[in-house]
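**Student:** This structure is in structure tokens; I'll ask about it shortly.
The values are calculated or read from the model by the stated rules, or taken from the named source; none is laboratory data. Being a predicted model, the structure only gives us computed values, none of them experimental. Neighbour counts are summed over all protein chains in view; Cβ atoms, including those assigned to glycine, are modelled from backbone coordinates with ideal geometry. Note: accessible area is taken over every heavy atom of the protein model, side chains too, but ligands, DNA and RNA are not part of it. Shrake-Rupley method; radii C 1.70, N 1.55, O 1.52, S 1.80 Å.
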Amino acid sequence: MTTLAWTDNLVLNQPQLDTTHQEFIELLNVFGAALDAGEDALPAYHALLAHTQAHFAMEEDWMARCGFEPQNCHSSQHAMVLNVMREALRYANELNDREPLSILRTELAGWFPQHAEMMDAALVFTMEQRGFDPATGECREAVTAEAGASGCGSSSCGH
């Protein structure tokens with residue numbers, strides 16, 4: 001059983017981010033397959049967690065370079081997801097309780113498409129509007145206090 005499928009709805013037309021998102025889904029599916037097979041899913045989970053940390057750090061760097069407010073709802077979602085992922089790992093390691101890992105698999109599969117289609121799409125839009133090139137880290141439009149006033153770049157949030 002596939003935990004989450006890559007679909008055209010997830011394509012943001014930002015090659016580096018699309019590749020990173022495909023990798024996230026592949027790692028989530030490897031983790032899910034290990035759970036389904038009754039195997040030790042911790043190695044797959046460690047790979048997923050490491051990838052997710054790097055994935056979110058990349059987006060956080062882009063947000064900073066584009067002038068997002070440091071405490072924005074996009075970053076807050078990243079922090080929440082990483083905290084939950086680390087807590088599930090702690091339960092598995094310290095309490096030998098693997099149930100949170102199974103629950104988290106389902107939760108990540110439900111959360112990720114919404115996050116990508118809203119928060120990450122808003123990030124890509126902002127990057128395009130400000131002329132940000134992730135390959136060079138350069139932004140065509142100088143980031144000012146006014147440019148950063150959008151908070152998370154999403155019109156659907158209160159920031």
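**Student:** If you count only protein heavy atoms with a 1.4 Å probe, what accessible area per residue comes out for the chain, rounded to a whole Å²?
**Tutor:** It amounts to 51 Å² per residue over the chain.
**Student:** What net charge is computed for the residues neighbouring Glu39, neighbours being all others with C-beta under 15 Å from the C-beta of Glu39, Lys and Arg scored +1, Asp and Glu -1?
**Tutor:** Once positives and negatives cancel, what remains is 0.
**Student:** May I pose another question? I'd like the distance separating the alpha-carbon centroids of segment 69-106 and segment 16-62, in whole Å.
**Tutor:** 13 Å
**Student:** Principal axis extents for segment 1-71, Cα atoms only, whole Å, descending order, please.
**Tutor:** 45, 26, 18
**Student:** At a Förster distance of 25 Å, what's the computed FRET efficiency of Glu117 paired with His46, Cβ-Cβ distance as r, to 0.05?
**Tutor:** 0.35
**Student:** If I histogram all Cα-Cα distances within segment 72-138 using bins 10 Å wide from 0, what percent of pairs lands in each bin?
**Tutor:** 18, 36, 26, 15, 4
**Student:** When the accessible area of segment 1-87 is computed with all protein chains present and a 1.4 Å probe, what percentage of it is carbon and sulfur?
**Tutor:** C and S atoms contribute 55 percent here.
**Student:** Could you rank the peptides 118-127, 46-55 by their average count of other C-beta atoms within 10 Å per residue, with the highest value first? Walk me through the intermediate numbers first.
**Tutor:** Working: 118-127: 20.3, 46-55: 16.2.
Per-residue Cβ counts within 10 Å, averaged per peptide and sorted highest first, yield 118-127, 46-55.
**Student:** Give me D for the chain in µm² s⁻¹, whole number, from Stokes-Einstein with Rh from the Kirkwood sum over alpha-carbon pairs, 20 °C and 1.002 mPa s.
**Tutor:** D, rounded to a whole number, is 130 µm²/s.
**Student:** Next up: What nm value, rounded to one decimal, do you get for the distance between Met58 and Gln71 when each label is placed 7 Å out toward the C-beta?
**Tutor:** 2.9 nm
**Student:** Sticking with this structure for a sec: Please get the size of the charge dipole for the chain, origin at its Cα centre, with Cβ charges of +1 on Lys and Arg and -1 on Asp and Glu, quoted in debye to the nearest 20.
**Tutor:** 180 debye
**Student:** With springs only between Cα atoms under 10 Å apart, run a GNM on the chain and tell me which of Glu141, Glu59, Glu23 wobbles the most.
**Tutor:** Per the Cα network of the chain with a 10 Å cutoff, Glu141 tops the list.
**Student:** I would also like to ask the following. From the phi of every residue in segment 38-48, what ³J(HN,Hα) in whole Hz does the Karplus formula 6.51 cos²θ - 1.76 cosθ + 1.60 yield, where θ is phi - 60° and glycine or proline is x?
**Tutor:** Values, residue by residue: x, 7, 5, 8, 4, x, 5, 5, 4, 5, 5 Hz.
**Student:** Each label point is 7 Å from the Cα along the Cα-to-Cβ direction; what then is the distance between the points at Asp97 and Ala37, in nm?
**Tutor:** 2.8 nm
**Student:** P(r) for segment 21-62, please, calculated from all Cα pair distances in 10 Å bins and given in %.
**Tutor:** 32, 46, 18, 4
**Student:** Choose one of Phe112, Asn93, Ala41: the residue whose Cα lies farthest towards the positive end of the charge dipole of the chain (beta-carbon charges +1 Lys, Arg; -1 Asp, Glu; about the Cα centre).
**Tutor:** Farthest towards the positive end: Asn93.
**Student:** Amide H to amide H under 5 Å from Phe132: which residues, 5+ apart in sequence or cross-chain, H placed 1.01 Å off N in plane?
**Tutor:** Residues meeting the amide H criterion: Arg140.
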